[in-house]
Amino acid sequence: MKLIQVSDLHLVPPGTLLFGLDPRARLAAAIADINERHGDAELCLFTGDLADHGAPEAYQVLRETLAALQVPYRLTLGNHDDRDNFLRAFPEAPRDEHGFVQTVVTTGAGDIILLDTHEPGQVSGSFCAQRQAWLEARLAEAGRPVTLFMHHPPFDIGIPSLDAIRLAEPEGFARVVAEAGSIRHIFFGHVHRPVSGSWRGIPYAALRSLVHQVRLELEPERPMSFDHAPPAYNVILLDGEDTVVHHHEFLDTSRLPPGTERYTKAE
């Protein structure tokens, strides 16, 4: 089974640029590439920061642009989003009994869970008691491998400026995950970087934004800084117990020059 993950769209109202880039054009380019190359994907997961400041016009842009996507999709929220404005634009979006934009999608390769970590007025993610109870119940119901998608990383990734704004209640998340023992992979956004590894024995992966990227600054005194590294989306292949993640820089058109030999003599 093939899944697509797209994150950190940071859409803005029409006629507006962000860091000198057009987020809508980037999203449209990603959709065109997904349609051309991965129309056979079962699902496309958008993991938050759909809008840069949660403006109603930005969600209208999102809805209009997503109309071209040929793959079924699900959306969840990040810290830059506004839940009320989002739900006015996407009233059909699945949500739980408390209004959080989170849901379970049953697939042939196990359950997909989207977790809403958005907290109004807060940059860090939230995993409050209501969300803990919801995830605990969904994991208990699953009875088979679960792939989890969320916006905020629930642990440090070694970049201090990002670690300061990760999930704010990591202990509760760690407890729920450990007790369930059924999560095969965690995918998140927020960090605007390709990051992968293993946390408490669970593999994880993050990806670049569709617009600006976060530079690799590991020193504690370094503030967060951005650059125009190429945008990307993840192509995720699930087969039995195996998970393969391809980080695809869809706007990279570089090719070897025609006639280039594999080995050449240095001058």
Residues located in region 3-17, provided they are touching an Asp or Glu at 6+ places or on another chain (Cβ under 9 Å) and either in a helix (DSSP H, G or I) or surrounded by fewer than 17 Cβ atoms within 10 Å (Cβ to Cβ) (or both): Pro13, Pro14, Thr16
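In region 119-127, is there at least one residue being crowded, with 17+ Cβ neighbours inside 10 Å and touching a strand residue (DSSP E or B) at 6+ places or on another chain (Cβ under 6 Å)?
yes
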Some residue of region 31-44 being among the acidic types (Asp, Glu) and assigned to a loop (DSSP other than H, G, I, E, B): yes
Pairs with Cβ under 8 Å, 6+ apart, first in region 127-140 and small (Gly, Ala, Ser), second modelled with pLDDT under 95: Ala129/Gly172; Ala140/Ala180
Pair list, Cβ under 7 Å, 6 or more apart: region 184-203 residue free of Cβ contacts under 8 Å to residues at least 40 places away in the same chain, other residue buried (at least 24 other Cβ atoms within 10 Å of the Cβ) and charged (D, E, K, R): Arg193/Arg208
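If I ask for residues that are charged (D, E, K, R) and out of contact with any helix residue (DSSP H, G or I) (no Cβ under 6 Å at 6 or more places or on another chain), which ones from region 120-162 would you list?
Step one: of region 120-162, the residues charged (D, E, K, R) are 131, 136, 138, 141, 144, 156.
Result: Arg131, Arg138, Glu141, Arg144.
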Check on Arg144, in a loop (DSSP other than H, G, I, E, B), within 29 Å of Pro72 (Cβ to Cβ), free of Cβ contacts under 8 Å to residues at least 60 places away in the same chain and more than 18 Å from the chain's Cα centre (by Cα): yes
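The values are calculated or read from the model by the stated rules, or taken from the named source; none is laboratory data. Computed from a prediction, not measured in an experiment: that's the story for all the values here. Note that we place each Cβ from the backbone using ideal geometry, even for glycine, and neighbour counts take in every protein chain shown.
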